[in-house]
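Everything on this sheet refers to the single structure shown next.
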Amino acid sequence: MIELQQLEKRYGETHAVRDLNLSFPDGELTALLGPSGCGKTTTLRMINRLIEPSGGRVLLNGQDTRDLRPEALRRGIGYVIQQIGLFPHLSVAQNVATVPDLLGRDRAQTRRRVDELLELTGLDPAVFRGKKPSELSGGQAQRVGVARALAADPPVLLMDEPFGALDPLARDTLQEAFRDIQRRLRKTVIMVTHDIDEALRLGDRVALMRAGQLEQFGTPDDLIHRP
Ligand code: ADP
Ligand code: ADP
């Protein structure tokens, strides 16, 4: 489980995140929702310590992430962003297999896993495994990014607007596929979005932020039924 305790981030005069207290339940998808500039990305990036907090703590299974080695943190927490940055010189399969290969996982097993994940994210492995990123559409590249994040098999996955740059049809399909995988694998997911429909549709919980602070936290039902 991930817990934020009195988390703070200041950029000079800007108080980007203030006194944030929040627990993300295991195996659930929590949407971090709010308008542009309210501190969502800063919060997400403090969780994997891409950004150092100005104050407060992030706990991963009760342990302060400040005390974790970077490799342990990277293994425990995966990260997906909108512009995924696939390695251009590697094939789709090699991109998806990056982390398992780095960790020295069994090759044959990784190969099967890569195919399975391509299939799950809606890419026919026979067609796509050998392609280069330059041969993919934006939506296909985003699928590969999601498959790569899942291949690393981290217990926790952070996603920053992962479905942002897609046309509506591609977005719906990938969202559905992802939701299905997330439930099946019981991944703990924290997903940043400014899209309220997406948050309510995909989130088990929604954390609503405004001006660096938590305004509401609850299930989509809680949020809809509260004024
Ligand atoms: P969101 O993800 O909700 O759009 P951010 O977390 O990106 O919001 O930003 C929160 C606030 O912090 C904004 O006012 C933004 O301008 C400010 N901010 C973010 N990153 C920096 C930075 N590197 N330097 C200065 N201010 C920043
Ligand atoms: P190298 O060039 O280092 O020998 P490979 O191209 O054989 O690397 O494989 C890199 C990674 O991509 C491996 O983890 C492998 O399992 C995966 N991979 C390679 N080819 C395929 C494929 N056809 N289907 C699925 N995964 C593959």
Descending principal axes extents, the stretch 1-82, alpha-carbon based, whole Å:
33, 25, 23
With axes computed from alpha carbons, what is the tilt in degrees of helix 107-120 against the longest principal axis of the chain, rounded to the nearest 10 within 0 to 90?
70 degrees
Mind checking which of Arg74, Arg148, Arg184 has the largest fluctuation in a GNM of the chain, springs on alpha carbons under 10 Å?
Arg184
Would you calculate a helix-derived [θ] at 222 nm for the chain, using -39,500 (n - 2.57) for each DSSP H run of n ≥ 4 and dividing by the full residue count, to the nearest 500?
-11000 deg cm²/dmol
Run through the DSSP bridge list for the stretch 127-227 and note the antiparallel percent, rounded to the nearest 5.
50 percent
Dipole magnitude of the chain, debye to nearest 20 (Cβ charges: Lys/Arg +1, Asp/Glu -1, about Cα centre):
640 debye
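Determine the gain in length on full extension of the stretch Glu52-Asp204; use 0.36 nm per residue of separation and subtract their C-alpha separation, reporting nm with one decimal. Could you put the intermediate results ahead of the total?
Working: separation 152, 0.36 × 152 = 54.72 nm, distance 2.77 nm.
Contour length minus Cα-Cα distance gives 52.0 nm.
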How far, in degrees from 0 to 90, does helix 138-151 lean away from the longest principal axis of the Cα atoms of the chain, to the nearest 10?
80 degrees
Measure nothing fancy, just the Cα-based angle from helix 168-185's long axis to the longest principal axis of the chain, in degrees from 0 to 90, nearest 10.
80 degrees
How would you order 194-205, 3-14 from highest to lowest mean count of nearby Cβ atoms within 10 Å?
194-205, 3-14
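Rolling a 1.4 Å sphere over the protein heavy atoms, what is the accessible area per residue of the chain, to the nearest Å²? Don't skip to the answer; put the middle values down first.
Details: 11350 Å² over 227 residues.
Spelled out: the 1.4 Å probe surface of the chain, per residue, equals 50 Å².
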Starting from the Kirkwood radius over alpha-carbon pairs of the chain, derive D by Stokes-Einstein at 25 °C in a medium of 0.890 mPa s and give it in µm² s⁻¹.
136 µm²/s
Return the lysines within reach of Lys40: Cα separation strictly under 27 angstrom, same-chain partners fewer than 8 residues apart disregarded; answer none if there are no such residues.
Lys9, Lys187
Virtual paramagnetic centre 7 Å along Cα→Cβ of Asp101, amide N under 14 Å, in the stretch 117-134
129-133
Ratio to report: Rg/Rh of the stretch 122-227, with Cα atoms as the point set and Rh obtained by the Kirkwood method; give two decimals.
1.01
Whole-angstrom gap from the stretch 53-105 to the stretch 176-224, using each part's C-alpha centre
21 Å
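In debye to the nearest 20, how big a dipole does the stretch 1-63 give about its Cα centre with +1 on each Lys and Arg Cβ and -1 on each Asp and Glu Cβ?
Numbers: 7 positive and 7 negative charges, 40 e Å.
Dipole of the stretch 1-63, to the nearest 20 debye: 200 debye.
Checking the a/c ratio against 1.5 first, then a/b against b/c, what shape does the Cα gyration tensor give for the stretch 96-175?
Working: a/c = 2.09, a/b = 1.40, b/c = 1.49.
Oblate is the answer for the stretch 96-175, as a/c is 1.5 or above yet b/c matches or exceeds a/b.
The values are calculated or read from the model by the stated rules, or taken from the named source; none is laboratory data. Note that this is a predicted model, so its numbers are computed, not measured. Neighbour counts run over all protein chains shown; Cβ positions are idealised from the backbone, glycine included. In case anyone asks, the SASA skips ligands and DNA or RNA and just uses the protein heavy atoms, side chains included. Shrake-Rupley method; radii C 1.70, N 1.55, O 1.52, S 1.80 Å.
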